[in-house]
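Right, one structure below, let's go through it.
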Amino acid sequence: MPRILGFLVLTLTLSSCGIRSIPMSLNKVEADWAEVLNQYKRRTDLIPNLVETVKGYAGHEKETLQAVIEARAKATSTNLSVDKLTSQNMQQFEQAQGQLTSALSRLMVVVEKYPDLKASENFRGLQSQLEGTENRIAIARRRYIEAVREFNNLVSVFPTNLTNSLFFKHEKKPQFSIAPAETVAPKVKF
């Protein structure tokens, strides 16, 4: 009887110290990271249609269109699986996505010069899908940030950090950060 009671106490102690919660939290980080990547992929899938639509109206804006195409290519070539999430890899991923966001912003400025393009039903539909996707990306990133916060707390805060150091040896996961260029407000001129 004392052995069974001791086993139950040990099981309850270990489970309350992260034996289950650390792997479950890691699973959530992985799932939320997959959703971030899914939303970025949705955005990159929309871009060729957007570029082709703009090309029809603004063919001589080749430099801007080429910048979007190149940024998309770089963003899609920067694949980052959850097991490779380091601060340096995350920074490279964010940089590629930031360049794509910047190129898309420049494309939208070009669009302002073409009233017929802005009135095009096809373009409006694509623009609406892109705006919706940007919102989905923001939501997916926020969920990932929260999942990483919970995971990082489990692997670094007492008592679950002891369980982590004994059984798992997980390191903290990196968070999204804001690139210095993103902290500067855009200048609007009329």
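How many residues does the stretch 111-136 hold that are within 15 Å of Ile47 (Cα to Cα) and of a type outside the set (Phe, Trp, Tyr)?
13
May I ask you to list the residues in the stretch 147-160 that are in contact (Cβ under 8 Å) with a residue 12 or more places away in the chain and either part of a helix (DSSP H, G or I) or surrounded by 13 or more Cβ atoms within 10 Å (Cβ to Cβ) (or both)?
Across the stretch 147-160, the qualifying residues are Ala147, Val148, Arg149, Glu150, Phe151, Asn152, Leu154, Val155, Ser156, Thr160.
Does Val29 count as among the hydrophobic types (A, V, I, L, M, F, W, C), surrounded by fewer than 18 Cβ atoms within 10 Å (Cβ to Cβ) and either modelled with pLDDT of 85 or more or part of a helix (DSSP H, G or I) (or both)?
No.
Residues of the stretch 135-165 being out of contact with any helix residue (DSSP H, G or I) (no Cβ under 7 Å at 6 or more places or on another chain) and farther than 17 Å from Val29 by Cβ, which ones?
Asn135, Ala138, Phe158, Pro159, Leu162, Ser165 - these are the residues of the stretch 135-165 that are out of contact with any helix residue (DSSP H, G or I) (no Cβ under 7 Å at 6 or more places or on another chain) and farther than 17 Å from Val29 by Cβ.
Taking the condition of being buried (at least 19 other Cβ atoms within 10 Å of the Cβ) and acidic (Asp, Glu), how many residues in the stretch 32-60 meet it?
The number of residues fulfilling the criteria is 1.
Pick out the one residue from Arg106, Arg42 that is among the charged types (D, E, K, R), modelled with pLDDT of 90 or more and more than 25 Å from Thr163 (Cβ to Cβ).
Arg42
Based on what the data block shows, is Thr53 hydroxyl-bearing (Ser, Thr, Tyr) and over 25 Å from Glu131 (Cβ atoms)?
In short, no.
Give the residues of the stretch 65-89 that are more than 14 Å from Lys41 (Cβ to Cβ) and among the aliphatic types (A, V, I, L, M), sorted by residue number.
Scanning the stretch 65-89 gives Leu65, Ala67, Val68, Ile69, Ala71, Val82, Leu85.
Take the residues in the stretch 123-144 that are of a type in the set (A, V, I, L, M, F, W, C) and surrounded by 14 or more Cβ atoms within 10 Å (Cβ to Cβ), then tell me which one is nearest to Trp33 (Cα to Cα).
Ranking the qualifying residues of the stretch 123-144, first place goes to Ala140.
As an exercise: evaluate Glu35 against (1) modelled with pLDDT of 85 or more; (2) outside any helix (DSSP H, G or I) and give the number of the one condition it does not meet.
(2)
Here is a list of conditions, (1) surrounded by fewer than 18 Cβ atoms within 10 Å (Cβ to Cβ); (2) modelled with pLDDT of 90 or more; (3) within 26 Å of Thr76 (Cα to Cα); (4) not hydrophobic (A, V, I, L, M, F, W, C), and Pro23 meets all of them except one; can you say which number that is?
(3)
So, of the residues in the stretch 82-117 that are part of a loop (DSSP other than H, G, I, E, B) and in contact (Cβ under 8 Å) with a residue 40 or more places away in the chain, which turns out to be nearest to Asn38 (Cα to Cα)?
Leu85
The values are calculated or read from the model by the stated rules, or taken from the named source; none is laboratory data. Note that the structure is predicted; figures quoted are calculated from it, not measured. In this analysis, Cβ positions are derived from the backbone assuming ideal geometry, glycine residues included, and neighbour counts consider all displayed protein chains.
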